[in-house]
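What follows is one structure encoded as structure tokens, with my remarks underneath.
The values are calculated or read from the model by the stated rules, or taken from the named source; none is laboratory data. Quantities reported herein were computed from a predicted structural model and do not represent experimental measurements. In this analysis, Cβ positions are derived from the backbone assuming ideal geometry, glycine residues included, and neighbour counts consider all displayed protein chains. For accessibility, only protein heavy atoms count, side chains too; no ligands or nucleic acids. Shrake-Rupley method; radii C 1.70, N 1.55, O 1.52, S 1.80 Å.
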Amino acid sequence: MKPTKAGQTVDLEPLRRVLEERFRPRDYREAQELVVGACQEAQRLFGWVPPEAAQLIAEHLGVTTNRIYGLLTFYADFRTEPPGRHFLWICHGAACYVAGAGRLVEFLHERYGITGQGTTPDGALTVHVFNGCLGVCDLAPVAQLDHHEYVGLLSLERLQALIAELQGEAQTEAADGSTE
Amino acid sequence: MGRLSDRRAFEQYAAQAEQRWETLWSGDRWVISVGISECSIAKGALETYRHLELLLSDGHIPGVLRRVGCAGWCFAEPFVEIKLPGQPPIVYGWMTTDRVPDLLDALRRGELRPEWALGVRAGESWRGIPALREHPFLRSQRRLLLEQAGIIDPESIDDYIATGGYRAFLKALLEMTPEEVVNEVKTSNLRGRGGAGFPTGIKWESGRRTPAWPKYVVVNSHEGEPNVFKDRRLLETNPHLVLEGLLIGCYALETQHGYNYIGGEHALALRRFQKAVEQAYELGLLGDNILGSGFSCHVRVRTGGGAYICGEGSALMYAIMGQRGQPRTKPPRSVEEGLWKRPTVLNNTETFASIPAIIRNGGSWYAALGTKESTGTKLVTMQGPVRYLGVAEIELGMPMRQLIFEVFGGLRDGYRFKGVQTGGVSAGPLREEELDVPVDFDALTPRGAMLGSGGFVVFDDTVCAVDFARYLVAFSRFESCGKCTPCRLGTPALVEILDRIRHGFGRPEDLDVIRYASKHIIDLSLCGLGQVAPMPLLGMLERFREEFIEHITERRCRAGVCPMTAVAPIAL
Ligand SMILES: Cc1cc2nc3c(=O)[nH]c(=O)nc-3n(C[C@H](O)[C@H](O)[C@H](O)COP(=O)(O)O)c2cc1C
Ligand code: SF4
Ligand code: FES
């Protein structure tokens with residue numbers, strides 16, 4: 001996932017290509033059925049759904065931008081703001097809860113003011129409390145990092161260490177980026 | 001390979017697939033299978049796979065490396081099954097990369113490493129390794145849906161066909177009328193696996209009866225509950241089974257419009273089901289004029305993104321139609337007016353997966369499994385500190401005690417059983433002394449518990465009943481779609497009261513307010529979410545009343561979980 005930094009111009013070309021290749025509705029009904037999928041593609045490409053992308057999808061599928069935003073704000077998974085450099089799902093399913101995930105969620109609230117989802121002030125990390133089961137309860141409490149890597153058997157200390165590590169990493173990455 | 005034009009072409013194709021399957025297992029090469037699914041990937045199965053690939057690449061071991069799906073034993077992931085020529089396949093658990101070279105070396109020396117073995121796939125134990133089916137986790141299971149789980153490659157339609165796949169669809173399509181299919185499902189007395197337990201055959205019949213076209217058949221693979229992960233495992237491990245069930249459903253409804261709505265988070269399940277659809281199109285098992293029968297069927301996959309309510313039938317249909325997934329009042333029911341205002345049959349993933357066996361073996365064969373009113377097998381997951389965490393498939397009617405303490409191995413060392421939460425966020429818990437109740441659709445209900453989708457949560461005495469109730473109600477509050485007032489305002493009110501109690505500011509009359517408010521929410525909410533949202537709380541209150549009282553009168557939380565602050569809380 002390549003998060004786009006705020007203010008950066010969005011290159012819509014890749015999205016346009018995907019839309020033209022794979023989102024070709026035969027009628028208005030099918031066009032409506034494809035809206036959510038198209039938004040998911042946009043988020044996969046940009047890390048969030050920038051307004052320009054929403055506009056493009058609306059035009060491509062012949063629906064209003066209003067409609068798009070109605071959906072983007074309805075589903076918890078969509079982001080209408082750019083995420084941090086890393087993305088962390090904290091599982092808040094029942095297995096994780098009985099194994100102590102509640103304390104982790106509380107910590108995120110106390111330390112960063114994050115209730116459902118939010119980004120650390122330095123922009124290093126977006127955390128999303130996953131209201132459901134990530135499906136790997138054996139590792140409870142568990143988090144999923146950047147949509148592929150699992151960090152299991154989390155204690156408060158391990159979570160703090162993980163966040164610190166990601167923040168440090170993000171700083172180096174940011175420094176590397178500026179010298180380019 | 002082109003589309004198969006008729007039954008004969010299919011039979012020929014199947015015979016070849018069977019031949020290849022036979023050759024694989026009887027050849028003189030090692031057959032090494034690695035379980036790759038979301039649960040095993042989380043534990044490093046991909047690394048294990050790559051490591052094996054590397055070790056095999058030098059040619060010292062003449063081996064075939066395969067990918068298979070999850071076999072339900074999440075507790076032993078990552079697992080590797082190895083079959084040496086002339087020997088039965090042995091399943092090894094906990095095969096992280098560091099153990100891989102050891103295991104291969106040992107096997108080459110002729111040592112079997114029984115301490116890592118889960119069991120041997122054979123009728124009885126073999127050279128000191130017990131038979132797999134005698135493993136405590138598997139001994140009392142009855143596997144129909146999971147029969148091929150962990151054996152076939154979920155991304156190979158050939159594997160599925162070689163092990164008997166798509167024969168049920170062929171039988172329905174070429175030998176039965178749609179009415180006969182519906183009758184067979186009615187005879188089986190199969191009840192919906194998505195939670196409510198409505199008889200599937202009757203739903204299909206109503207769908208057939210509504211005189212409006214086109215009709216739609218939809219699989220509900222949303223699975224957004226916090227307490228269950230069976231549907232995505234099923235899709236990950238045997239997607240063609242669900243697809244075959246859907247095809248039979250479409251045939252029974254005489255429609256060419258099939259859908260699967262999959263929760264957007266279930267990435268691997270989504271990918272594998274999509275792949276299954278593509279493969280079926282390539283072979284001509286989907287598309288126009290399937291096997292020259294005149295019947296056409298098209299399957300579309302749609303996804304949502306993190307809204308539990310989209311699992312509710314009417315909300316799901318709005319979600320597919322690209323609208324906000326909010327429920328509507330009923331009637332009309334979906335079988336009268338569903339997707340695009342047309343008759344729509346919606347069933348759970350597992351419900352569809354149960355169909356092929358019913359068509360193959362007959363409805364009365366299926367009806368003989370389980371209990372009289374709850375026939376067949378059910379996938380169940382058990383969360384919490386149990387020994388054998390994973391997905392099990394049991395005949396309905398098994399006592400809860402056996403399920404927890406035998407199949408799932410009881411609690412891990414150091415944990416003491418306190419209760420088991422049933423029905424996810426839709427019902428209440430059971431205490432130790434109630435565990436002899438059979439796990440089926442009806443027996444749990446009078447106790448305020450519920451089979452639901454089959455996800456149970458065992459909790460121990462480090463979990464506080466008040467706090468856990470708060471968690472379960474807060475889930476519903478968060479997921480409330482906000483369409484109707486009792487649910488939108490009622491669930492936060494319950495959470496607020498519970499927070500007050502958790503912080504030590506509870507009042508004795510709070511317990512009455514809970515009951516009173518709950519009644520309103522239950523009676524007046526528009527959809528299933530609100531109608532059951534207070535159930536976990538009422539159940540906890542009934543079972544662990546003394547804990548609630550302790551919090552209120554003594555400001556004491558015996559589990560030591562609740563904050564009990566000096567100042568009253570502000571609602572979050
Ligand atoms: C809030 C809510 C969420 C639901 N979520 C699911 C779900 O994720 N999967 C599912 O199969 N059924 C879910 N259901 C039940 C469905 O409404 C519907 O009854 C079911 O899919 C019908 O299939 P079945 O008869 O095969 O069980 C949910 C119901 C409610 C009220
Ligand atoms: S009960 Fe809750 S979830 Fe259901 S329609 Fe009303 S507000 Fe929405
Ligand atoms: S509850 Fe967290 S992974 Fe299942």
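For region B:243-331, the share of accessible area belonging to carbon and sulfur comes to 44 percent (1.4 Å probe, ligands and nucleic acids excluded).
Would you please give the FRET efficiency between B:MET564 and A:ARG24, computed as 1/(1 + (r/R0)^6) with r the Cβ-Cβ distance and R0 = 56 Å, to the nearest 0.05? All intermediate terms of the calculation are to be shown ahead of the outcome.
Working: r = 59 Å, r/R0 = 1.06.
So the FRET efficiency works out to roughly 0.40.
Which order do the peptides B:156-168, A:110-122, A:132-144, B:416-428 take when ranked by the mean count of other beta-carbon atoms within 10 Å per residue, highest first?
On the way: B:156-168: 20.8, A:110-122: 14.6, A:132-144: 26.5, B:416-428: 24.0.
Sorting B:156-168, A:110-122, A:132-144, B:416-428 by mean packing, highest first, produces A:132-144, B:416-428, B:156-168, A:110-122.
Straight-line reach from B:LYS483: taking Cα to Cα under 21 Å and skipping same-chain neighbours fewer than 8 places apart, the lysines in range are B:LYS330, B:LYS341, B:LYS519.
Placing a label point 7 Å from the Cα of B:ASP461 along the Cα-to-Cβ direction, the residues of region B:407-421 whose backbone N falls under 16 Å of that point are B:411-420.
Give me the percent of accessible area attributable to carbon and sulfur for region B:22-134, probe 1.4 angstrom. Numbers along the way, then the final one.
On the way: 2350 of 4760 Å².
Accessible surface attributable to carbon and sulfur in region B:22-134 totals 49 percent.
Here the spin labels are modelled as points 7 Å beyond Cα on the Cα-Cβ line, and at B:ALA122 and A:HIS109 they lie 5.7 nm apart. A P(r) calculated from all alpha carbon pairs of chain A, with 5 Å bins opening at zero, reads 1, 8, 16, 17, 16, 14, 12, 9, 5, 1, 0 percent. When both region B:148-192 and region A:59-78 are represented by their alpha-carbon centers, they are found 38 Å apart. Semi-axes of the equivalent ellipsoid of chain B are 41, 32, 19 Å, computed as sqrt(5λ) over the eigenvalues of the C-alpha gyration tensor in descending order. Compute the angle between helix B:485-502 and the longest alpha-carbon principal axis of chain B, please, reported from 0 to 90 degrees and rounded to the nearest 10. Tilt relative to chain B: about 70 degrees.
Relative contact order for chain B using alpha-carbon pairs under 8 Å, separation at least 6, rounded to a whole percent?
About 13 percent, as a whole number.
Spatial offset of region B:436-466 relative to region B:104-141 amounts to 34 Å, using the alpha carbon center of each. The mean number of partner chain beta-carbon atoms within 10 angstrom of a residue's beta-carbon across peptide A:123-136 is 6.
Convex hull over the Cα atoms of region A:72-112, averaged projected area in nm²?
For region A:72-112, averaging the hull's shadow over all directions gives 3.8 nm².
Taking label points 7 Å from Cα along the Cα-to-Cβ direction, B:ARG8 and B:GLU433 give a separation of 7.1 nm.
Between A:ASP122 and B:THR23, what FRET efficiency comes out of the Förster formula 1/(1 + (r/R0)^6) with R0 = 41 Å and r the beta carbon distance, rounded to 0.05? Present the calculation step by step, with values, prior to reporting the outcome.
Numbers: r = 58 Å, r/R0 = 1.42.
Once the sixth-power term is evaluated, E becomes 0.10.
Quick one: work out the % antiparallel among DSSP beta bridges in chain B, nearest 5. Write down the numbers at each step before the final one.
Details: 28 of 55 bridges.
Here the antiparallel bridges make up roughly 50 percent for chain B.
What chain B shows is 36 Å² of accessible area per residue, with the surface traced by a 1.4 Å probe over protein heavy atoms.
I need the shape label for region B:162-307. Rule: rounded when a/c is under 1.5, else prolate if a/b > b/c, else oblate, with a, b, c from the alpha carbon gyration tensor. Walk me through the numbers on the way to the answer.
On the way: a/c = 1.65, a/b = 1.23, b/c = 1.34.
The shape class here is oblate.
Estimated at 0.36 nm per residue, the fully extended path between B:ARG50 and B:SER364 surpasses their Cα-Cα distance by 108.4 nm. Once you have a ≥ b ≥ c as the square roots of the Cα gyration tensor eigenvalues for the protein assembly as shown, tell me rounded if a/c is under 1.5, and otherwise prolate or oblate according to whether a/b is larger than b/c. Rounded, because the longest to shortest axis ratio a/c is under 1.5. Using C-alpha pairs below 8 Å separated by at least 6 residues, the relative contact order for region A:2-74 is 36 percent.
Could you state the accessible area per residue of region A:50-180 in Å², with a 1.4 Å probe and every protein chain left in place? For region A:50-180, the per-residue accessible area is 41 Å².
Once backbone amide H atoms are built at 1.01 Å from N, A:PHE130 has A:ILE90, A:CYS91, A:HIS92 as its partners under 5 Å, excluding neighbours fewer than 5 places away on the same chain.
Can you pull the percent of region B:484-551's accessible area that's carbon plus sulfur, 1.4 Å probe, other chains left in place?
Reported share for carbon and sulfur atoms: 61 percent.
Simple spin-label estimate for B:ARG488 and A:ASP146 gives 4.1 nm between the two label positions (7 Å along the Cα-to-Cβ direction from each Cα). The interface between chain A and chain B buries about 3600 Å² of solvent-accessible area in total (1.4 Å probe, ligands and nucleic acids excluded).
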